[in-house]
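One structure below.
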Amino acid sequence: MAISANFFNKRETEAGTARHVVPLPAQGAGYGAATTTTTQPPVTSPAVAAASATTGAPAPVVGSKLIVGPNIKLKGVEITDCDTLVVEGLVEATMDSRVMEIAEQGAFKGSAEIDIAEIHGQFDGNLTVRQKLVIYATGKVTGKICYGKLVIEEGGQLTGDIQFGTARSPRVGSADKPALAVAGR
């Protein structure tokens with residue numbers, strides 16, 4: 001019986017690709033007699049790929065990913081250190097992330113600072129998209145929105161205080177903020 005280096009279908013990661021070992025039955029032998037290895041490229045969303053193509057930057061490496069599934073409600077949290085948030089249920093939170101994907105049945109309420117946002121469902125609150133905001137035909141975005149690039153599919157909705165550019169205003173009392181001089185008399 002041949003034993004592969006990837007015993008019991010353990011996953012390996014090599015240079016950004018996942019390798020899966022799948023045992024195949026050999027003729028006249030049981031499972032495990034022969035193995036085959038398949039290599040799959042990392043998965044990225046269409047908006048991530050498109051933004052990478054337009055900005056000339058390499059596609060981001062898929063890192064930490066939080067998926068809030070259908071019928072799940074996540075309320076009153078601050079989401080940090082999350083590279084990709086996928087919302088299929090309801091999220092009420094504040095977050096700073098790289099990619100946000102809101103599914104058609106998903107909804108996000110709160111405040112978010114994102115590099116790339118794909119909205120198929122609903123977003124309500126303060127949204128800052130540093131690179132690209134994509135609103136699909138079923139998407140609805142309301143609130144205070146700042147964006148770098150904007151794509152709205154026919155039927156998509158965008159309502160509220162909308163601004164181009166994502167420059168943040170300095171914090172009050174910041175050491176980096178120049179003093180305000182008022183001319184008198």
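The values are calculated or read from the model by the stated rules, or taken from the named source; none is laboratory data. All values reported here derive from a predicted model rather than from experimental measurement. Cβ coordinates were reconstructed from backbone atoms using ideal geometry, including for glycine residues, and neighbour counts include every protein chain displayed.
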Task: Cβ pairs under 7 Å, 6+ apart, first in the range 81-99 and free of Cβ contacts under 8 Å to residues at least 24 places away in the same chain, second in a loop (DSSP other than H, G, I, E, B) and acidic (Asp, Glu) - done: Ser97/Asp83
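For the range 74-88, name all the residues that are surrounded by 15 or more Cβ atoms within 10 Å (Cβ to Cβ) and part of a strand (DSSP E or B).
Narrowing the range 74-88 to residues surrounded by 15 or more Cβ atoms within 10 Å (Cβ to Cβ): 74, 79, 82-88.
Those that are surrounded by 15 or more Cβ atoms within 10 Å (Cβ to Cβ) and part of a strand (DSSP E or B): Leu74, Ile79, Thr84, Leu85, Val86, Val87.
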- [ ] Please report, ordered by residue number, the strands (runs of 3 or more DSSP E) entirely within the range 89-168 with at least 3 residues that are more than 14 Å from the chain's Cα centre (by Cα).
- [x] 90-96, 107-119, 122-135, 140-152, 157-164
Task: Scan of the range 113-154 for residues that are among the small types (Gly, Ala, Ser), closer than 18 Å to Ala93 by Cα and either surrounded by 21 or more Cβ atoms within 10 Å (Cβ to Cβ) or touching a Ser or Thr at 6+ places or on another chain (Cβ under 6 Å) (or both), ordered by number - done: Ala117, Gly121, Gly125
TODO: Determine which member of the set Ala103, Ala137 is under 22 Å from Gly63 (Cα atoms), at pLDDT 95 or above and not basic (Lys, Arg).
DONE: Ala103
